[in-house]
Amino acid sequence: MRETPISNIERNFITQAVKQNLRLDGRKNDEFRKVTINFGADWGSALVSLGETKVLAQVSCELGVPKSTRPNEGIIYINVELGQMAAPHFESGRNSELNVQISRTLERTFKDSRCVDLESLCVTSEERVWLLRIDLNVLNHEGNLIDCCSIAALSALLHFKRPDVSIIDNDVHIHTAAEKEPIPMVLHHYPVCVSYCLFDDGRLAVADPSALEERTADSALVFGLNSFRELCCLNLGGTTLTSSTLLLQCATRAARRAKFVVDYVKETLELDKNAREDNKNTGFTECVRLNQITALAENRLSLRLRNFKMQETSELKEDNEMETSENEDESEEEDSDAHKNGDQ
């Protein structure tokens, strides 16, 4: 199924609204949507919502053979699944252009930046290492999939714990969680992606674009940053060239956004850890019971009225009351005149 094309009226409306620092969902051009993170009962499962964009991440591991060029390091695989549940025009099992773009951006952000300590995944040199697999399943697409997938991947990695192993007579024995406490992942830094869309020939930048804004924009700008303001990835797609001033402004805002997201991920991890230590119910089932991740957990369309004062409403109410009273007086005078004419 092909994606529904955008009409010229919609395109012009969005462009003119962006020029006036207005957007369809009530945000300004530099505002981001709300991020929510929920962890599952199993280690390494996380559900991230960026507005109405939702991504489910799951980290798994298995023993395998390392690469000959790096015999002492583990291997990370990133898989992004775009199904028809996320959007009607997505086709399951087919690598679309968007799928390839998201996968490559995440690989540059997480693998090329070497945020994960791959040497800690080595069991026996040149023989056995842990193979990590990050599966990202897009549940709903409402724009800015790269940011949501990066937050989901980081949250799942920090939440994941691999099983402990023992080597006995050159045999690797994998312990269960009941036998030995699982080992958490070791990360050197925490990278996330921050995306912008450019309008008006690269003179205006819109943060955290929606699906309609992504299709209307001239180009897209993606930053891969960590909480230390270090650049891990930079991707510019489209035909519009960005000025150096706008590029630096977007990079500064993206660095602040990355630090905020990383701090929020750490906060949610601490809450999940405390809940597990207190033997409280955790996981997606508990989130559904608390109405945190269901479709009715938040309004589908949120509107905000700007420059709207209660004083104006009271004045309008008084004017309406005066008009109604004047109309009633006029109607009473007409009725009295009609009675007089009838008596005559």
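The values are calculated or read from the model by the stated rules, or taken from the named source; none is laboratory data. Computed from a predicted structure; not experimentally measured. As a convention, Cβ positions derive from the backbone with ideal geometry for all residues, glycine included, and neighbour counts pool all protein chains shown.
Looking at the stretch 84-137, which of the residues that are in a strand (DSSP E or B) and touching a helix residue (DSSP H, G or I) at 6+ places or on another chain (Cβ under 6 Å) is nearest to H189 (Cα to Cα)?
I134
Give the stretch 1-20 a look and list any residue that's touching a strand residue (DSSP E or B) at 6+ places or on another chain (Cβ under 9 Å) and either surrounded by 14 or more Cβ atoms within 10 Å (Cβ to Cβ) or among the aliphatic types (A, V, I, L, M) (or both), or say none.
Answer for the stretch 1-20, where residues must be touching a strand residue (DSSP E or B) at 6+ places or on another chain (Cβ under 9 Å) and either surrounded by 14 or more Cβ atoms within 10 Å (Cβ to Cβ) or among the aliphatic types (A, V, I, L, M) (or both): I14, T15, V18.
In the list T53, T69, which residue meets the criterion of being polar (S, T, N, Q) and surrounded by 17 or more Cβ atoms within 10 Å (Cβ to Cβ)?
Answer to the check: T53.
So which residues in the stretch 215-229 are more than 24 Å from D112 (Cα to Cα), crowded, with 18+ Cβ neighbours inside 10 Å and touching a residue at least 60 places away in the same chain (Cβ under 8 Å), if there are any at all?
T216
Considering E3, E31, E62, E10, which residue is among the acidic types (D, E) and part of a helix (DSSP H, G or I)?
Answer to the check: E10.
Can you tell me which residue is surrounded by the fewest Cβ atoms within 10 Å (Cβ to Cβ) among those in the stretch 154-210 that are touching a Pro at 6+ places or on another chain (Cβ under 7 Å) and part of a strand (DSSP E or B)?
That would be I174.
Whether any residue in the stretch 230-246 is in a helix (DSSP H, G or I), surrounded by 13 or more Cβ atoms within 10 Å (Cβ to Cβ), at pLDDT 90 or above and touching a strand residue (DSSP E or B) at 6+ places or on another chain (Cβ under 8 Å) is what I want to check.
Checked the stretch 230-246: no residue is in a helix (DSSP H, G or I), surrounded by 13 or more Cβ atoms within 10 Å (Cβ to Cβ), at pLDDT 90 or above and touching a strand residue (DSSP E or B) at 6+ places or on another chain (Cβ under 8 Å).
Hey, can you tell me all the residues within the stretch 261-286 that are surrounded by 13 or more Cβ atoms within 10 Å (Cβ to Cβ) and within 30 Å of L204 (Cα to Cα)?
V261, V262, Y264, V265
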